Structures are given as structure tokens and as C-alpha cells.
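Colleague: Quick one: structure below, then a few questions.
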Amino acid sequence: MSWSWPYAWEVLPRLLHGLGVTLEATAAGFLFALVVGLVWAALRRSRRRLVARPVAWLVEAVRSTPLLVQLYFVFYVFPRMGLVLSPLTAGILGLGLHYSAYTSEIYRSGIEGVPRGQWEAARALGFTRLQTFARIVLPQAIPPILPALGIRLIAIFKDTPLLAVITVTEMLQEAKLAGAESFRYLEPLTLVGALFLILSLASSRLVRRVEVWSEKAA
């Protein structure tokens, strides 16, 4: 099969529409993972074992099962429990929950990297544990872990094609549908690969710059 530039230009707008869905799922899933991961990390540091232990088990369970299984569970099992979600919402929730387990470990490493003396000094000044965590520890923990969080963002972006299994028409799914309609797969799949490569390389460079900045800030 030879390359056809006219067909490539014809199918490109369709792929860019799918790219929009891909970026939406990536951004929303990453934001969800950032927020929920911080909650997991905070709960795992609870002095109450009845709180810390179940959260630790939950995080390990999420990390130890495939994302694909979790997506199926959210989209097909949750409705049996009364929670019916649109495909894109279910995909964002699945991505966010899965990667929140990883971001929680990243947060935990950053928090544990803050010297213990910071906690003790804050306690001596009359800060509550929550105030110490939010105002003193967390601002010091975030800069060193930004590169690791950036790597997770790239990982979410590259995992978005899995959302096709729950009928989300993201970029790769658009390419497959276009290929099935025209019986030409070379152009759409090549363009999708090129778009993933360009955006992943750009993101990697951005993460590298953030890493350099965090090293200088430290």
C-alpha cells in the first residue's frame, strides 16, 4: 500500500478531533490522580491504624491490577451498583483512580523527604498537624517530586488508547474507524503514531526543564 497525501490530509481533522478527546481524558485523569493521590498519601500517614492500613491495602490493590481490568470494572460493574457513567467520564475516573495509587507513592516519598525537625518545630510553635502538613511540609515536598509527577502525566497520555475498550472514541480509535471505513490503515495509524511521538517528546522536554528547575530550587 502506497502513501496517499490527499487521504492523509482528509483524515487529519478527524484524528485531531480524537486528539482533543485524548487530551481531555489525559488532563482530567491527571488532575483527579493528583488530588486523590494526595488524599491517599495523607491518610496513609494517619496515626490511626484502622485508617492507614485499609488505605495502604487499597493503594496496593490498585497498583497490582491492570488498568484495563479497572476500566472494565468502572464502566460495566459500577452501573450494577447504581452508578451509571458516560464512557468518557468512566475513562477519566478509571485513569484517575489507577494513577492516584502511583501519585500517592510519589507524594509519600516527597513528604518523607522533609526533615522530621520541621514537624517538631511546627508543633512547638502551636501549629496543628493539619496546618503543619498544609503550610509547612507540603510546600517543601512538592518541588522535588514534580519531575516524577510529570512522568506520570506522560504515562496517562500514552495509556489513553485503552479507553477504546469502553467505547471512548479517542485518537487511536478514530484512526481505526477511519481505516475500517476506507480500508486504508497506513495513513491514519502513521499520523496517530507521529502525534503521540511529537507530544510525548515535547512533554518529556518540559519535564526535564521542570527537573532542572526543581534541582535549582532545592
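Read-outs: derived from the displayed coordinates by stated rules, not from any lab. What you are looking at is a predicted structure, and each value in this text was computed from that prediction instead of being measured. Neighbour counts are summed over all protein chains in view; Cβ atoms, including those assigned to glycine, are modelled from backbone coordinates with ideal geometry.
Colleague: What is the angle, in °, between the Cα long axis of helix 5-44 and the longest principal axis of the Cα atoms in the chain? Nearest 10 is fine, range 0 to 90.
Modeller: That helix lies at roughly 20 degrees to the long axis.
Colleague: Give me the net charge for the shell around A122: Cβ to Cβ below 10 angstrom, other residues only, Lys and Arg +1, Asp and Glu -1.
Modeller: Combined, the nearby Lys, Arg, Asp and Glu give +2.
Colleague: Could you give the length gained on full extension between V35 and S109, defined as 0.36 nm per residue of separation minus the Cα-Cα distance, in nm?
Modeller: The span from V35 to S109 would gain 25.0 nm if fully extended.
Colleague: Here's a follow-up. What FRET efficiency comes out for the pair L197/S64, r = Cβ-Cβ distance, R0 = 30 Å, nearest 0.05?
Modeller: 0.50
Colleague: If you rank T26, T89 by fewest surrounding Cβ atoms within 10 Å, what's the result?
Modeller: With the fewest neighbours first, T26, T89 line up as T89, T26.
Colleague: On to the next question. Compute the relative contact order of the chain as a whole-number percentage, counting only Cα pairs closer than 8 Å that sit 6 or more residues apart in sequence.
Modeller: After rounding, I find 30 percent.
Colleague: Please compute the net charge surrounding E215, taking Lys and Arg as +1 and Asp and Glu as -1 over other residues with Cβ under 14 Å from its Cβ.
Modeller: Summing Lys/Arg as +1 and Asp/Glu as -1 gives +2.
Colleague: Here's something else I'd like to know. If you keep only loop residues by DSSP, which GluC sites (Glu not before Pro) in region 48-135 have at most 13 other Cβ atoms within 10 Å of their Cβ?
Modeller: none
Colleague: Between I142 and V210, how many nm apart are label points set 7 Å from Cα along the C-beta direction?
Modeller: 1.2 nm
Colleague: What is the angle, in °, between the Cα long axis of helix 138-159 and the longest principal axis of the Cα atoms in the chain? Nearest 10 is fine, range 0 to 90.
Modeller: 20 degrees
Colleague: Okay, moving on. Quick one: angle between helix 171-182 and the longest Cα principal axis of the chain, in degrees between 0 and 90, rounded to 10, please.
Modeller: It is inclined by approximately 10 degrees.
Colleague: Can I ask one more? With θ taken as phi - 60° and the coefficients 6.51, -1.76 and 1.60, list the Karplus ³J(HN,Hα) couplings across region 59-66 in order, rounded to whole Hz; mark glycine and proline as x.
Modeller: Rounded to whole hertz, the list is 4, 5, 5, 5, 5, 9, 10, x.
Colleague: Work out, step by step, the length gained on full extension between R49 and E181: first 0.36 nm times the residue separation, then minus their alpha carbon distance; give nm to one decimal.
Modeller: 41.9 nm
Colleague: Now a separate question. Taking the beta-carbon count within 10 Å as an exposure proxy, list R205, R44 from fewest neighbours to most.
Modeller: Fewest to most other Cβ atoms nearby, the residues stand as R205, R44.
Colleague: Per residue of the chain, what 222 nm ellipticity follows from adding -39500 (n - 2.57) for every DSSP H run with n ≥ 4, rounded to the nearest 500?
Modeller: When only DSSP H runs of four or more count, the value is -25500 deg cm²/dmol.
Colleague: Could you pull out the chymotrypsin sites (Phe, Trp or Tyr not before Pro) across region 175-217 that fall in loop regions by DSSP (anything but H, G, I, E, B) with no more than 10 other Cβ atoms inside 10 Å?
Modeller: F183
Colleague: Which shape class applies to region 70-130: rounded if a/c is under 1.5, otherwise prolate when a/b exceeds b/c and oblate if not, where a ≥ b ≥ c are the square roots of the Cα gyration tensor eigenvalues?
Modeller: Prolate.
Colleague: If a/c stays under 1.5 just call it rounded; otherwise compare a/b with b/c (prolate if a/b is bigger, oblate if not). Do that for region 5-217, with a ≥ b ≥ c from the square roots of the Cα gyration tensor eigenvalues.
Modeller: Judged from the Cα gyration tensor, region 5-217 comes out oblate (a/c at least 1.5, b/c at or above a/b).
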